[in-house]
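Reviewing the structure listed below.
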Amino acid sequence: MTNIAIIGTEQSGRTTLAANLGKKGTHSDISLYNNDKESRKMVFVDAHSYPKSLKALITALNISDLPILCVPPEGLDAHTGECIIALDLLGFKQGIIALTMSDKTHVYAIEELKGKLKKITAGTALENWECVALNTNKSAKNAFEGIENLKALINSYSEKIEAEQKEKNKLPPRVLIDHAFNVTGKGCVALGVISQGTLQEKDKLKLFPLDRVIEIRSIQSHDVDIKSAPTGTRVGMRLKNVQEKDVERGFIISEKENVTTDYTLDCCISKFTKKIEVLSVLHLFVGLQSEPVRVEKILLNGKEVQEALPDMKCTLELSGNKKLAYGKEDRFLLANLDLTQRFAAYGYSK
Ligand SMILES: Nc1nc2c(ncn2[C@@H]2O[C@H](COP(=O)(O)OP(=O)(O)OP(=O)(O)O)[C@@H](O)[C@H]2O)c(=O)[nH]1
Ligand SMILES: [Mg+2]
């Protein structure tokens, strides 16, 4: 299964595109659109609460294997820039740029926009992403131009992504929970994505950061009961030994996670931010969790300094209040919510 994030600035055609590619399901700060009609099952995630909510953007990206960045004809605004920085800091190797609303512009303008994007994305993770000009306007002269191209491109990436997912099936299971609710007569139901391994019905695993043993009573995918779910599957799980009120977005079901309130991260500060100072407050994102943290110490080549400058590699010691669960391979993002371009750095736990 391929999970695809559809992101972009306001009014970039995100929701219309997602609705064109799948059938609407779960809706919160993100909306999920399912497509089980094609040969490959796909879930499209519309981060509709972005730009107001960075959390919606990060959630959509961290439950997805493939991002589509929507850029409308007039679209190189600050939030398109912020999305590009987020994709770069998260290190997405592959993705697609959709030049939306192609019926509202013309070929020359599209070529010009492509050229501008090429310049802006040079040296970032997005530099070789393919651009597809498309529209979803059924009354246009060139109605649905580019949609078939987009689908073909998604399919070719899916093939690669599914092969990578297969390689992870033998790892210990790990599920990132994005929604949880109570179903009368069924108890706690959690929705999420298998980020590695194969989840089996009746598995006894732990729920982090609670560190509580739980049992997977049953598993569903696309509303069908299944006995086991391989890497990449979006699942609904009935959980035993926990109530819905105790489960939050970002909780992880697995064998083992680190759980802390303080973090020592080896960081790369973004080129496109301002300096980070000791005692400043940043917003930390890891997996689907987020939490304000305070910068306690900055170490540059092992030596304590008072500030970290853009494009610098350094170690940040951060303190928070809430326990978060994470692993060695999880990429942390740091944001400064007071700035216009909010993303500040990425890093890994030491
Ligand atoms: N002409 C034309 N209009 C489009 C196309 N795609 C979307 N629109 C229109 O553009 C507006 C914005 O599209 P949405 O899909 O809502 O974009 P969005 O990024 O989800 O917007 P917000 O969530 O409100 O920020 C809507 O009025 C759509 O009907 C397109 O391909 N062609
Ligand atoms: Mg929308």
| remark: Out of 71, 278, 183, a Gaussian network model of the chain with alpha-carbon springs under 10 Å gives the largest mean-square fluctuation to 183
| note | Full extension between residue 337 and residue 204 adds, at 0.36 nm per residue less the Cα distance, a length in nm of 44.0 nm
| request: Just round it to a whole percent: the fraction of Cα-Cα distances in region 22-75 exceeding 18 Å. | output: 36
| query | Radius of gyration and Dmax for region 64-187's Cα atoms, expressed in Å? | reply | 18.0, 59
| note | Diffing region 230-238: the Karplus 3J(HN,Hα) column from phi (6.51, -1.76, 1.60, θ = phi - 60°), in whole Hz with x for Gly and Pro, holds x, 3, x, 6, 8, 10, x, 10, 8
| field | Likely footprinting exposure, 331, 14, fewest C-beta neighbours within 10 Å first | value | 331, 14
| Principal axis dimensions, region 174-254 - Cα atoms, whole angstrom, descending | 26, 26, 20
| request: Can you put 348, 33 in order of Cβ neighbours within 10 angstrom, beginning with the fewest? | output: 348, 33
| In angstroms, what radius of gyration and Dmax does the chain have, counting Cα atoms only? | 20.5, 63
| Using modelled backbone amide H atoms (1.01 Å from N, in-plane), which distant-in-sequence or interchain residues come within less than 5 Å of residue 3's amide H? | 43, 65, 66
| remark: Asserting the computed 222 nm helical MRE of the chain (DSSP H runs at least 4 long, -39500 (n - 2.57) per run, divided by residue count, to nearest 500) equals -6000 deg cm²/dmol
| task | Arrange 261, 233 by Cβ neighbour counts within 10 Å, fewest through most, would you? | result | 261, 233
| note | With +1 at each Lys and Arg Cβ and -1 at each Asp and Glu Cβ, the charge dipole magnitude of the chain around its Cα centre, to the nearest 20 debye, comes out at 620
| task | Anything over 24 Å Cα to Cα? Flag those among 37/206; 168/256; 37/141; 151/227; 160/202, in the order listed. | result | 37/206; 37/141; 151/227; 160/202
| So for the chain, taking the charge dipole from beta-carbon charges (+1 Lys/Arg, -1 Asp/Glu), which of 252, 199, 43 sits furthest toward the positive end? | 199
| Tell me, what HN-Hα J-couplings in whole Hz come from the Karplus equation 6.51 cos²θ - 1.76 cosθ + 1.60 at θ = phi - 60° for each residue of region 135-144, using x for Gly and Pro? | 8, 10, 9, 5, 8, 6, 4, 9, 3, 6
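We did not get these values from a lab; they are worked out from the coordinates using the rules stated. Bear in mind that the values here come from a model prediction, so they are computed numbers and not experimental data. So basically every Cβ, Gly included, is an ideal-geometry build from the backbone, and we count neighbours across all protein chains shown.
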